[in-house]
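What follows is one structure encoded as structure tokens, with my remarks underneath.
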Amino acid sequence: MAIRERLSGNEAVAYAIKQVNPDVMPAFPITPSTEIPQLVANYIANGEIDTEFIPVESEHSAMSATIGASAAGARALTATSSCGMALMWELLYVAASNRLPLALTLVNRALSGPININCDHSDSMGARDAGWIQIYAENNQEVYDNFIQAYRISEHKDVHLPIMICQDGFITSHALANIELLEDDKVKNFVGEYQPENYLLNEQETMALGPYAVSNYYMETKKAQVEAMKNAKQVILDVGKEFGEMSGRSYGFFEEYKLSDADYAVVIIGSAAGTTKDAIDELREKGIKAGLLKLRVFRPFPAEEIAAALKNCKAIGIMDRSEGFNGQAGPLTAEISAALFRAKSQAKVVSYIYGLGGRDYRVEDALEVFDELKEAANGKEVEQFRYIGLRSR
């Protein structure tokens, strides 16, 4: 029987870590993810798990130690946010190119400057091309569920890529919510024991990990990563379905909310999806066919599936919680626009920037977006790349 509990997002993911009981967790504190290693350290001190916790001198060292542990055959993870992940930057590429199935619990926070400790997606979106699987959560339940699935995805023999489990800083990480936890034995059986075929400390293995690659080999390495990312798509679906059979909560690439007959749709990532759903409910009561595509999996990017889900929409608003500085669109808009173009979609696409540095995104803001989408569908030129909630407006 599921266990009903009231936990913050940080507490929820820490509890999931406790249930998985990984081998090694190096970590360095940074707001708003500090609670995660703190809680795990408490579990270890209390004898509830036997994870080896490694306090390190920086986030660069945290990822270095996580890479070393994973390469040695351990199930490893770390946690960070914002500038902490920026300090890991070169190691993110090392972990992916070395095909190490380690995990990172990322609590999304704005990157400096100016210094800001609140939520946006500039940290994870900045790492979108590092070769990591990226999965996002709307709420505390989802971040718990996502972490339970993480190792099953990353450790799959056809994948072997690091995985990033993301949640919105403070909005979910520190806010309490009612969630359902799974029993320990169910999690243990679902995740299973990690038994790598190849690893550095295997005395029967003669291999190199992370060697210098001359031009004759480098491109083949990248192509192999691409194929692993493609393989991850089916693995994510399979694991999400199996998780649903166990828990009653199935997961795919995205959630469709009243989208099947929608004329106007918003595409969004993370906690702001809940606000958008409230706006959609209000519009549906007025007979306006509004809908939502809440993207869960950003890497691998499900381009064809997104285009198919949006094929009947007249106008689509794409919401970015990070700036791309290309003068055209944020990273989510750029990728979805490309997907729609390849699918020969005729829908009007409008790009928005919202919520940077924790700026509020309200139901009123979502309603305003849908009003503009209706105008765009009727042929009116609307402002592209508009900042929602900007004080100058």
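Every number here is computed from the coordinates shown, using simple stated rules; none is lab data. Quick caveat, the model's predicted, so the values are computed rather than measured. All Cβ positions, even for glycine, are placed from backbone atoms using ideal geometry, and neighbour counts span all protein chains on display.
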Exercise. Compute the convex hull volume of the Cα atoms of region 254-387, divide it by the residue count, and report the result per residue in Å³ as a whole number.
Key: 99 Å³
Quiz prompt | Overall dimensions of region 294-364 by Cα: Rg and Dmax, Å | solution = 12.5, 35
Self-check item: Mean-position separation - Cα centroids, region 220-256 and region 59-91, in angstrom
Solution: 23 Å
Exercise. Select from region 1-85 those GluC sites (Glu not before Pro) which occupy a DSSP coil region and have at most 11 other Cβ atoms within 10 Å, ordered by residue number.
Key: GLU57
Exercise. Using label points projected 7 Å from each Cα along Cα→Cβ, tell me how many nm separate GLN384 and MET246, to one decimal.
Key: 4.5 nm
Self-check item: Kirkwood Rh (inverse of mean 1/r, distinct Cα pairs), region 73-166, angstrom
Solution: 13.4 Å
Quiz item: For MET88, what charge total do you get from the other residues with a beta carbon under 12 Å from its beta carbon, if Lys and Arg give +1 and Asp and Glu give -1?
Solution: -3
Exercise. Please figure out what share of the DSSP beta bridges in region 3-247 is antiparallel and state it in percent, rounded to the nearest 5.
Key: 20 percent
Quiz item: Setting aside same-chain residues fewer than 8 positions from LYS380, which lysines have a Cα under 20 Å from its Cα?
Solution: LYS289, LYS314, LYS348
Practice problem: Check each of the trypsin sites (Lys or Arg not before Pro) in region 100-186 and keep only those in coil by DSSP with at most 16 other C-beta atoms within 10 angstrom; list them in order. | Solution: LYS157
Quiz item: Per residue and in Å³, how big is the convex hull formed by the alpha-carbon atoms of region 1-120?
Solution: 118 Å³
Quiz item: Hey, which of these cross-link pairs are over 21 Å Cα-Cα: LYS157/LYS230; LYS157/LYS241; LYS223/LYS344?
Solution: LYS223/LYS344
Quiz item: So what's the net charge close to ARG342: Lys and Arg +1, Asp and Glu -1, counting the other residues with Cβ under 15 Å from its Cβ?
Solution: -1
Exercise. Take every Cα pair under 8 Å in region 254-387 that's 6+ residues apart, average their separations, divide by the length, and report that relative contact order as a whole percent.
Key: 28 percent
Quiz item: Of all the Cα-Cα pairs you can form in region 138-179, what percent are over 15 Å apart?
Solution: 46 percent
Exercise. Work out how much length ASP261 to ALA2 would gain on full extension: take 0.36 nm times their residue separation and subtract the Cα-Cα distance, in nm to one decimal.
Key: 89.8 nm
Self-check item: Fully extended contour minus Cα-Cα distance, from GLN38 to LYS311, at 0.36 nm per residue
Solution: 93.7 nm
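In what sequence do LYS188, LYS223 fall when counting other Cβ within 10 Å, fewest first?
Values: LYS188 14, LYS223 10.
The most exposed by this proxy come first: LYS223, LYS188.
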Self-check item: Exposure rule at most 10 other beta-carbon atoms within 10 Å, DSSP loop chymotrypsin sites (Phe, Trp or Tyr not before Pro): the chain longest free segment
Solution: 1-211
Quiz item: Using a simple spin-label model with points 7 Å from Cα along the Cα→Cβ vector, what separation in nm is obtained for ALA224 and ASN202?
Solution: 1.4 nm
Quiz item: Tell me, what is a quarter of the convex hull surface for the C-alpha atoms of region 126-210, in nm² with one decimal?
Solution: 7.9 nm²
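Using alpha carbons only, what's the Rg to Rh ratio of region 3-247 with Rh from Kirkwood?
Reported Rg/Rh (Cα atoms, Kirkwood Rh): 0.95.
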Quiz item: Distance in nm between label sites at GLU180 and TYR217, each 7 Å beyond Cα in the beta-carbon direction?
Solution: 4.9 nm
Self-check item: Among GLY131, GLY244, GLY84, residue whose mean-square fluctuation peaks in a GNM of the chain (springs only between Cα atoms under 10 Å)
Solution: GLY244
Self-check item: Karplus (6.51, -1.76, 1.60) ³J(HN,Hα), θ = phi - 60°, over region 122-136, in Hz, Gly and Pro reported as x
Solution: 5, 6, 6, 5, x, 9, 5, 9, 7, x, 8, 6, 10, 10, 10
Exercise. Could you tally the net charge around LYS380, taking each other residue with its Cβ under 13 Å from the Cβ of LYS380, Lys/Arg +1 and Asp/Glu -1?
Key: -2
